[in-house]
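Working notes, beginning with the structure itself.
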């Protein structure tokens with residue numbers, strides 16, 4: 001006779017088998033690779049621990065949002081946009097003229113931004129605190145529209161490069177498609193288009209956002225752009241604003257992310273202008289990337305100062321840090337770090353300036369110091385750094401090291417280092433002639 005099992009017994013027997021089937025077993029957890037979506041719709045690969053970390057980050061984002069709303073309720077709407085508050089952080093205001101409440105607000109704001117800006121507030125906070133709003137106010141209101149109309153149909157080496165890259169780069173297509181989810185998350189857009197449908201319809205084409213429609217949707221044609229995608233329009237417009245910039249492939253990732261975080265194409269243009277004219281070193285995206293080379297020399301010097309053991313070991317291996325750091329600085333980490341971590345880095349970047357890039361780059365090396373010191377080949381170093389950046393799903397892990405474990409830097413310090421690096425470069429160039 002077969003024994004009859006009750007529902008409870010069957011349930012208990014099934015549950016006893018679940019741990020064997022689950023990938024969360026400690027012995028298999030680290031080796032099991034799973035695919036999952038991050039906060040903004042990116043499909044990424046990681047292990048089960050990464051999924052758990054991402055769930056914790058989601059909760060942190062919600063909690064941080066509640067903190068911002070509570071402060072708005074107590075201090076008043078847009079308290080963080082007051083000129084007195086931002087000028088203190090920039091070191092402009094005189095101490096004798098400070099009110100205690102204003103100083104407290106400035107300190108609170110700096111801490112808040114390092115903890116993250118809520119997605120729904122990012123466009124407004126970035127645009128105001130970065131200086132983009134001030135830069136826009138110095139020109140006629142029709143400046144951007146006039147610029148886009150003036151450059152329409154014109155062909156330059158920069159426009160040819162932009163059209164070639166943005167119409168054929170499938171990586172950028174995926175980047176733009178997934179960040180569409182960022183818009184839905186940030187601005188509570190009522191309707192969404194399925195990712196798979198988008199990729200099937202616009203495979204191989206860098207689609208764009210139709211901002212003239214009632215509901216944001218993907219379209220190969222943008223209302224006023226005459227068939228060009230928003231990213232193309234933004235990049236082309238800036239290439240005519242500053243012809244020395246031209247175009248560098250890393251700039252498409254920066255422009256695409258700016259475009260999809262900001263509310264309008266014009267706001268994204270002014271954010272790009274702030275980056276290229278006020279934050280990043282001159283000539284960073286020029287044809288010879290001279291500015292990027294300057295950043296690399298500054299970073300190498302800082303690595304020797306902040307992480308001397310790592311720097312000495314990498315020199316023994318004949319490893320050039322620019323092998324990994326060039327992409328970090330050209331794309332501002334948007335190709336290397338997970339989406340929420342990238343946005344958190346940019347939160348601080350737009351408020352505190354270029355020093356943030358060096359803090360973050362140094363922190364990545366610092367976090368893996370012991371592992372890096374055990375490497376014997378250049379390939380091992382690259383693998384460790386790439387794996388580290390791809391799995392930094394918790395922004396606090398990175399930013400805590402960046403600002404607590406790395407020596408203090410200021411914008412003036414970075415400016416001096418850049419000048420020194422550029423002077424040294426010119427001297428070496430002259431000696432070779």
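The values are calculated or read from the model by the stated rules, or taken from the named source; none is laboratory data. If you're wondering where the values come from, they're calculated on a predicted model, not measured in any experiment. Here the Cβ is made from the backbone with ideal geometry for all residues, glycine too, and neighbour counts use every protein chain on show.
Consider residue 84 against the criteria (1) modelled with pLDDT of 55 or more; (2) surrounded by 14 or more Cβ atoms within 10 Å (Cβ to Cβ): it satisfies all of them except one. Which criterion is unmet?
(1)
Looking at this structure, is residue 391 over 16 Å from the mean Cα position of the chain (by Cα), farther than 22 Å from residue 111 by Cβ and surrounded by fewer than 20 Cβ atoms within 10 Å (Cβ to Cβ)?
Against the criterion (over 16 Å from the mean Cα position of the chain (by Cα), farther than 22 Å from residue 111 by Cβ and surrounded by fewer than 20 Cβ atoms within 10 Å (Cβ to Cβ)), residue 391 does not qualify.
With (1) at pLDDT below 95; (2) within 28 Å of residue 401 (Cβ to Cβ) as the list, and residue 290 as the residue in question, which single condition is left unmet?
It is condition (2) that residue 290 fails.
Is it fair to say residue 93 is surrounded by 18 or more Cβ atoms within 10 Å (Cβ to Cβ), at pLDDT below 85, more than 27 Å from residue 263 (Cα to Cα) and not assigned by TED's automatic domain parsing to the domain that holds residue 353?
yes
Hey, can you tell me all the residues within segment 326-340 that are in contact with a helix residue (DSSP H, G or I) (Cβ under 7 Å, 6 or more places away or on another chain) and not in a helix (DSSP H, G or I)?
331, 332, 333, 334, 335, 336, 337
Exactly one condition in (1) under 20 Å from the mean Cα position of the chain (by Cα); (2) surrounded by fewer than 21 Cβ atoms within 10 Å (Cβ to Cβ); (3) modelled with pLDDT of 95 or more is not met by residue 277; state its number.
(3)
Kindly check whether there is at least one residue in segment 392-413 that is over 29 Å from residue 130 (Cα atoms) and out of contact with any helix residue (DSSP H, G or I) (no Cβ under 6 Å at 6 or more places or on another chain).
Among the residues of segment 392-413, not one is over 29 Å from residue 130 (Cα atoms) and out of contact with any helix residue (DSSP H, G or I) (no Cβ under 6 Å at 6 or more places or on another chain), which makes the answer no.
If only one of 318, 371 is over 29 Å from residue 129 (Cα atoms) and not in a helix (DSSP H, G or I), which one is it?
Only one candidate passes the filter, namely 318.
Among (1) modelled with pLDDT of 75 or more; (2) surrounded by 19 or more Cβ atoms within 10 Å (Cβ to Cβ); (3) assigned to a loop (DSSP other than H, G, I, E, B), which single condition is residue 225 missing?
It is condition (1) that residue 225 fails.
Evaluate segment 303-325: report whether one residue or more is touching a helix residue (DSSP H, G or I) at 6+ places or on another chain (Cβ under 7 Å), within 30 Å of residue 119 (Cβ to Cβ), in contact (Cβ under 8 Å) with a residue 12 or more places away in the chain and surrounded by fewer than 21 Cβ atoms within 10 Å (Cβ to Cβ).
Scanning segment 303-325 turns up at least one residue that is touching a helix residue (DSSP H, G or I) at 6+ places or on another chain (Cβ under 7 Å), within 30 Å of residue 119 (Cβ to Cβ), in contact (Cβ under 8 Å) with a residue 12 or more places away in the chain and surrounded by fewer than 21 Cβ atoms within 10 Å (Cβ to Cβ).
Any residue in segment 366-388 that is within 24 Å of residue 280 (Cα to Cα), surrounded by 15 or more Cβ atoms within 10 Å (Cβ to Cβ) and modelled with pLDDT of 95 or more?
Yes, because at least one residue in segment 366-388 is within 24 Å of residue 280 (Cα to Cα), surrounded by 15 or more Cβ atoms within 10 Å (Cβ to Cβ) and modelled with pLDDT of 95 or more.
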